[in-house]
1. Can you tell me how many residues in region 108-129 are buried (at least 16 other Cβ atoms within 10 Å of the Cβ), aliphatic (A, V, I, L, M) and more than 10 Å from the chain's Cα centre (by Cα)?
2. Among the residues of region 33-75, what is the count of those that are open to solvent by 90 Å² or more (accessible area, probe 1.4 Å), of a type outside the set (D, E, K, R) and closer than 14 Å to E108 by Cβ?
3. Please verify whether I93 is at negative phi, aliphatic (A, V, I, L, M) and open to solvent by 80 Å² or more (accessible area, probe 1.4 Å), treating the condition exactly as stated.
4. Tell me which residues, restricted to region 86-125, are more than 13 Å from S42 (Cα to Cα), touching a Leu at 6+ places or on another chain (Cβ under 6 Å) and modelled with pLDDT of 95 or more.
5. Cβ-Cβ under 7 Å, sequence separation 6+ or interchain: first residue in region 15-35 and part of a helix (DSSP H, G or I), partner open to solvent by 70 Å² or more (accessible area, probe 1.4 Å). Which pairs?
6. Among what's in region 54-75 and is out of contact with any helix residue (DSSP H, G or I) (no Cβ under 8 Å at 6 or more places or on another chain) and assigned to a helix (DSSP H, G or I), pick the residue that is nearest to L122 (Cα to Cα).
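The values are calculated or read from the model by the stated rules, or taken from the named source; none is laboratory data. These numbers were taken from a predicted model, which means no experiment stands behind them. We place every Cβ from the backbone using ideal geometry, glycine too, and count neighbours over all the protein chains shown. These area figures cover heavy atoms from the full protein model, side chains too; ligands, DNA and RNA do not enter into them. Shrake-Rupley method; radii C 1.70, N 1.55, O 1.52, S 1.80 Å.
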Amino acid sequence: AGLWQYQAKLQFIERLPIPDLTPQQESDLATFAEEITGLARSRYQLHENFRQTLRNEFNGDEISTRVALYRWWELSDEKALSDEINRRFGVEIPLGKRSDWRGYLAEETGKHQQLTQQIITLETRMNAIVYDAFDLTPEERQLIEETTKYPYGEV
C-alpha cells in the first residue's frame, strides 16, 4: 500500500507472535497439506476430463473460464448442460442421449462434491491446529471465521 505500516520490515515482522508447534501438530499440518494438494489435483483432473469429454463429443475447442461449461458441476441438470452446450458449441445433446448425460453429470458432480467435502474437512482440521497453537478461544475462532469469510474448498 506504500505506507510504512504495511511494509514487511524485519523490525515489525520480528514482533509477530509465532507459537511453537508440537511435533504432532507439525506432522499433522504437513500431512493435511499434502492430502489437500492431492485431492485438489484429483478434482482439477476430474474437471479437465469432463471438459475434454465435452470437447470430444461436440467437436468443440477449449472451454473458456468465462462460460458456464467451465464450471459444469454447478449446472442443475442435463437440460442446463444441453443449453450451455448449445450456447458454446451450437449443438444440443441429442434427445436419445440425455439420460446418459444425466447420469454422467450426476456421477461426476457427485465425485466433485465428495472431493470438495474432503478438502473442506482437511482445511477445517488445519485451521483447528493453528487456532490451538495460538490458544484461541471459541469466540476468537468464530470472529476469524466470520471476518475472513473464506470459502472452504473453493475451486
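1. Of the residues in that region, 3 qualify.
2. 2
3. Values: at negative phi: yes; aliphatic (A, V, I, L, M): yes; open to solvent by 80 Å² or more (accessible area, probe 1.4 Å): no.
So I93 fails the test.
4. Result: L105, single match.
5. Sorted first by the residue in region 15-35, then by its partner, the pairs are F32/R125.
6. Step one: filter region 54-75 for residues out of contact with any helix residue (DSSP H, G or I) (no Cβ under 8 Å at 6 or more places or on another chain), giving 55-57, 65-66, 71.
In the following step, the residues that additionally are assigned to a helix (DSSP H, G or I) were identified as 55-57, 71.
Working: R55: 33, N56: 35, E57: 36, R71: 23 Å.
For region 54-75, the residue satisfying everything is R71.
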